[in-house]
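Below you'll find the structure, written out as structure tokens, and then a few comments.
The values are calculated or read from the model by the stated rules, or taken from the named source; none is laboratory data. This one's a predicted model, so the numbers in the text were calculated from it and none came from an experiment. FYI the Cβ positions are ideal-geometry reconstructions off the backbone, even for glycines, and counts take in every protein chain you see. To get the accessible areas, we keep the full protein, side chains included, count just its heavy atoms, and leave off ligands, DNA and RNA. Shrake-Rupley method; radii C 1.70, N 1.55, O 1.52, S 1.80 Å.
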Amino acid sequence: MRPGKFEYSRAQNLRQAVQELAADPEAKALAGGHSLIPALNLRLAQPSRLVDIGRLDELKKIEFAEGRLTVGALCTHAQIAASEQVRSHAPALAAAAAVVGDPQVRSFGTLGGNLAHADPASDPPTAVLAQDGELVLEGPQGGRRVAAADFFQDLFTTDLEEGELITAVHLPSAESQRAAYLKLAHPASRYAVVGVAAILQMDGSRCVSARVAVGGAVPTVRRAAGAESVLAGSDLSDGVLEEAAVRLTAELGDDLIGDGFASAEYRRAMCGVYLKRVIRRALE
């Protein structure tokens with residue numbers, strides 16, 4: 001199927017992009033295009049205009065300052081996965097970026113576009129949520145910042161308002177922590193059937209605190225507060241990990257995705273399995 005008709009313009013700067021998006025409620029921003037183009041071809045999205053923001057170099061930077069990592073919205077997954085700064089300060093995000101799709105998708109797909117699309121089976125949102133990320137947004141009314149916990153609202157639904165763009169993601173440094181991301185990937189699409197990110201603050205062999213986020217199995221990424229409470233203050237022994245896995249599978253409730261490839265109950269079970277695996281990977 002071919003996309004419907006639309007106008008096209010290339011933004012020369014962020015201000016122009018925001019103005020064009022705000023002027024036309026049916027317009028869409030085009031970055032890497034790996035989420036938007038398939039939606040256009042299937043006519044799941046039929047915008048009146050595409051505003052190309054792909055050449056806004058100010059949104060392609062990765063910087064670290066004052067204990068915070070800033071990743072520009074137009075940084076590609078490949079760029080993020082290869083960045084020494086990201087590997088040092090946000091290792092779960094680096095791991096998630098490294099397993100997005102295939103090399104072509106990672107070379108063109110962008111972090112901002114990925115987060116704005118809010119696909120439940122995507123990888124970066126899980127890592128950003130686990131690390132208490134903050135999204136920087138720019139719109140016709142100016143800039144604002146939104147915690148990842150508030151940004152992802154439902155299936156393909158975010159806190160982005162009309163005319164707004166994601167410009168960057170702020171992440172507190174996890175350099176002194178243990179972190180990892182693992183997923184059970186669909187063999188054809190490479191999307192996450194289940195994806196789990198974990199960030200552990202350790203004191204020797206004791207886990208002082210834990211942050212765990214789950215994606216793939218649920219309509220929107222979510223923190224696993226029950227599992228976190230089991231892990232915190234423990235020695236992360238096999239028994240503790242089993243208890244945390246049981247707590248996680250219980251707290252997921254009935255709000256689980258199921259399809260012909262993997263039922264909701266299979267996904268529930270795999271969330272527990274991958275929680276244990278990602279904790280062990282983080283400790284490595």
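Structure above, values below:
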| read-out | value |
| --- | --- |
| Test for Ser205: is it touching a strand residue (DSSP E or B) at 6+ places or on another chain (Cβ under 6 Å), open to solvent by 10 Å² or more (accessible area, probe 1.4 Å) and farther than 30 Å from Thr157 by Cβ | no |
| Residue in the range 17-24 that is among the charged types (D, E, K, R), open to solvent by 50 Å² or more (accessible area, probe 1.4 Å) and out of contact with any Lys or Arg (no Cβ under 6 Å at 6 or more places or on another chain) present | no |
| Complete set of residues in the range 120-161 that are polar (S, T, N, Q), open to solvent by less than 10 Å² (accessible area, probe 1.4 Å) and out of contact with any Gly (no Cβ under 9 Å at 6 or more places or on another chain) | Gln131 |
| Complete set of residues in the range 251-271 that are open to solvent by less than 20 Å² (accessible area, probe 1.4 Å) and either in contact with a Lys or Arg (Cβ under 9 Å, 6 or more places away or on another chain) or of a type in the set (A, V, I, L, M, F, W, C) (or both) | Leu252, Ala262, Cys271 |
| The range 162-175: number of residues that are open to solvent by 30 Å² or more (accessible area, probe 1.4 Å) and modelled with pLDDT under 95 | 1 |
| Subset of the range 38-57 (residues that are of a type in the set (Asp, Glu) and surrounded by 12 or more Cβ atoms within 10 Å (Cβ to Cβ)) | Asp52 |
| Pairs, first of a type in the set (Val, Ile, Thr) in the range 249-272, second at pLDDT below 95, C-beta under 7 Å, six or more apart | Ile257/Pro120 |
| Qualifying residue in the range 83-94 (condition: open to solvent by less than 30 Å² (accessible area, probe 1.4 Å), under 23 Å from Lys28 (Cα atoms), at pLDDT 95 or above and of a type outside the set (A, V, I, L, M, F, W, C)) | no |
| Test: residue in the range 237-250 that is open to solvent by less than 40 Å² (accessible area, probe 1.4 Å) and not in a helix (DSSP H, G or I) | no |
